[in-house]
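Single-structure report; data block below.
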């Protein structure tokens, strides 16, 4: 069992927090555990909290981008929260493409947005029920 | 009194310290010795020193006794002597008659100075190769002045990049002058830092003061836009004048990662929308309330 990643279900989103300097196996575990949790729980999406992450390598960057795409395929939305300036600069150098993945400054804001997403979806549901 | 150097044997110093010449050759010698700005040194065919001048002593710190007979490579940086650059200087002078260089040389105390060096191959009337004349000038002051100007230019650029918070959640960067990679890197770091510190979702980058945009400048802007997005904020690019818009399209540059506007006013409006602030005139508000 790999320590360091916390996958929590919070209301109707998953909250995944990455450690400061994750090694490759932790990074792989991020993907598999997130996708498993997506299947297990009926959630609207994923908040990936990168605020602790200090070092980004190409494998980590690729895995994050891929995981976001996979979550989209499984019907969820991904929010990346709290990326540090130094990590963001590395990400530009690595030419990481985030596609439709949204980013937010802080976990607080991510939770605000996640609240909006689920509210909108429930409104849509009500509408379709009518 | 000890000899000042080879060739000054017949020149005599009187009580006032003035040199008195006894022949034309001495006159020439006195002329060489009186030039303080240029170190004029004679080398034999192998590059060993055969004469030394007071200016050379002042410039390089060695007395005549210490250097006459020694190879001139003692003035070169150790790495230049090792790489064969110093030997190549003489070869060039032999082949082309003259060698000129500007670069670092070393004084006796090991300190470096920025020198202009001219080495000339000396031939006698028969065309026989007799040695070299080497003239060295200390350009350290000019070099320092150049470095200072470069440093100031950089400081001016830094001053030209101001990052200000204009509203709770909105950071404004009015860009003035051209963007190079060093400046972009610095701007990016400062902007990202400021955005995270102030927890601001919007970075307004105004390019009204950027004279023209080339592919490289655009690339730098795109990088900044991306990095801002990674941390969770977004860029609103303002000051896109007609000429800039035309250039961007002709160069095929895709700035779709950012909202772009021609005026800062329009950009500010977009920024307010993003942070969910509604700006209205008091009268309009009153009317709305009245309804």
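Quick notes on this structure:
- Here residue B:184 passes the criteria (1) in contact (Cβ under 8 Å) with a residue 60 or more places away in the chain; (2) more than 23 Å from residue A:100 (Cβ to Cβ); (3) in contact with a helix residue (DSSP H, G or I) (Cβ under 7 Å, 6 or more places away or on another chain) except the one numbered (1).
- Candidate set from the stretch B:185-209 (those that are outside any helix (DSSP H, G or I) and within 9 Å of chain A (Cβ to nearest Cβ)); member that is surrounded by the most Cβ atoms within 10 Å (Cβ to Cβ): B:200
- Here is the figure for the stretch A:71-87: residues that are modelled with pLDDT under 90 and surrounded by fewer than 17 Cβ atoms within 10 Å (Cβ to Cβ) total 4.
- Enumeration of residues in the stretch B:119-132 that are touching a residue at least 24 places away in the same chain (Cβ under 8 Å) and surrounded by fewer than 18 Cβ atoms within 10 Å (Cβ to Cβ): B:120, B:122, B:129, B:130
- Residue check: residue B:159 meets all listed conditions (1) surrounded by fewer than 11 Cβ atoms within 10 Å (Cβ to Cβ); (2) in a loop (DSSP other than H, G, I, E, B); (3) free of Cβ contacts under 8 Å to residues at least 40 places away in the same chain but one, namely (2).
- The stretch B:188-216 residues that are touching a residue at least 60 places away in the same chain (Cβ under 8 Å), paired with ones that are surrounded by fewer than 16 Cβ atoms within 10 Å (Cβ to Cβ) and assigned to a loop (DSSP other than H, G, I, E, B) (beta carbon under 9 Å, 6 or more apart): B:201/B:275; B:202/B:275
- Meets criteria (in contact with a helix residue (DSSP H, G or I) (Cβ under 6 Å, 6 or more places away or on another chain), surrounded by 15 or more Cβ atoms within 10 Å (Cβ to Cβ) and facing chain B (nearest Cβ under 10 Å)) for residue A:104: yes
The values are calculated or read from the model by the stated rules, or taken from the named source; none is laboratory data. The model shown is predicted, which means the values in this text are computed figures rather than measured ones. A quick note on method: Cβ atoms are made from the backbone with ideal geometry, for glycine too, and the neighbour counts reach across all protein chains shown.
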